[in-house]
Structure formats: C-alpha cells, structure tokens
C-alpha cells in the first residue's frame, strides 16, 4: 500500500520520527491519498479532524517544551581549585553541583580574573546548562548532581553586590585598595589586596567579642599567613563610594595594617 501525504507549505523541518505527527498540526492536511489493492476501504481519502490534529500538536509541543526547559540559565558562585570544580546556584545556594564544562571556556575565563594558582577561590558566574545525576562514584557522595554547561554567559569577581551566598561581613578600604569577605556559610575568610594584586584565603574561625569589638583570626598553613580583623560597631564612610557603613574595620596581614569600612551580611 502506498500512502502520499501533502504537507502544507510553512511546516518546519522536523526530526524524522516527529515529522508525520507534526505535519498533521501545521495547518489543515489537504488529503490523505491512499492507493492500494483495497481502494474501496472506507478510510480511503479520510481527512484528520481539527480536534485530532490539535490533540497531536499539543502532545508533541508539550514534549518539546519539557525538553527545552531542561536547559536553564543559572547564576551563582563558581569555585575552582586543585580539588574542586563546583557551582552553587543562587536559587538553591545550599547545594553544590559538580561542573562538567562542555564549552571548554570556564577555566580560561576564570584564569583571566585570577591568573595565579589559588587554593581556594570563587567567582560570580552566569551559565546555561542542564542538571543531571552525577555518574562518578567518587564525586556523587559530595556532589550528587552535575551541571553540564553548554554556554558561559558571564564571569566576574565576587563582591557583596553579586554574591548570593550568605556572609557575615564584607569590608573594603583605599590607599591601598583592599577588600575582605568573612563567611561562615562558605567556611571562608578572603582578603583581596587589590593594589598588590594578590589574594589570601583562610578557613573560617569563630570570632571573639570583647569590649564592643568582633575579632576574627585565622592562619593559612599553605600560604603561611595569619590574618586578624577587628570589626567595631560605629559609623564609617567608605572611601571609594562615599557610602555610610555601620562598622569600621582594621585588618592585619603580613605585617601590614589596613583600615576601612564594613557591612554586616543579610540574614
């Protein structure tokens, strides 16, 4: 039996499997001309009803929408070091996703921001990809889900404005220019010497409060530096923006003292 279908002009090119079904919904099918030995069959020349056509269209269209919706644009914090390569999505910041970079661009874009090798560093990233189950047995315990990255839209230094991970304090100062992030949620105290073009990373340690001062201290066994940051509740005008902050900050690092202002993180 030979079946010839006339598909109206304007139908999109479709995968072979779906072509027949979609052809029914790309407008009215002019006629199904059925030729064969049983030419007197009551189905000969029967047209598909508009209702059946609509049902087929909606069914296939919903499948296509579900498949396309699996690829999402995500914003979050991307961490890359010798042992880690993961992403914390702003919509679910308490979960870490392993990164499978199908673009091959993430590392290069990251290294444009941090040229030297760092043992603990993260950046703000905007990516497009699909979330799948992690296949590696070694990784799935800590990272049960993986993001297959299909497009890198943006990467920039993390700051108090773009981060979506909770932090305790964020401070900054001028002459020399520097910034300080203290985050129990990230297990991190990060000091960025902007003028000296060098960053220092420390594990978070619980602070000591005494005489109106909150003092954080930590030691980095790899970089062999110790940091101490004293945070005092008092009005402080930040030198770069001129903004009024609620805290003054004095940080000691490598024999140098840095003065600036800080703000407390949002709950």
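Residues of the stretch 119-156 that are closer than 24 Å to residue 202 by Cα and touching a residue at least 60 places away in the same chain (Cβ under 8 Å): 119, 120, 121, 122, 155. Meeting the requirement of 2 or more residues that are surrounded by 14 or more Cβ atoms within 10 Å (Cβ to Cβ) and free of Cβ contacts under 8 Å to residues at least 12 places away in the same chain, no strands (runs of 3 or more DSSP E) wholly within the stretch 68-109 can be named. Residue under question is residue 153, and the condition is that it be closer than 30 Å to residue 256 by Cβ, in a strand (DSSP E or B) and touching a strand residue (DSSP E or B) at 6+ places or on another chain (Cβ under 8 Å); does it hold? No; evaluated as a whole, the condition is false for this residue.
Computed from the coordinates by the stated procedures, all read-outs in this text should not be read as laboratory data. Predicted model, so just to flag it, every value in this text is computed and none were measured. Positions of Cβ are backbone-derived with ideal geometry, glycine not excepted, and every protein chain shown enters the neighbour counts.
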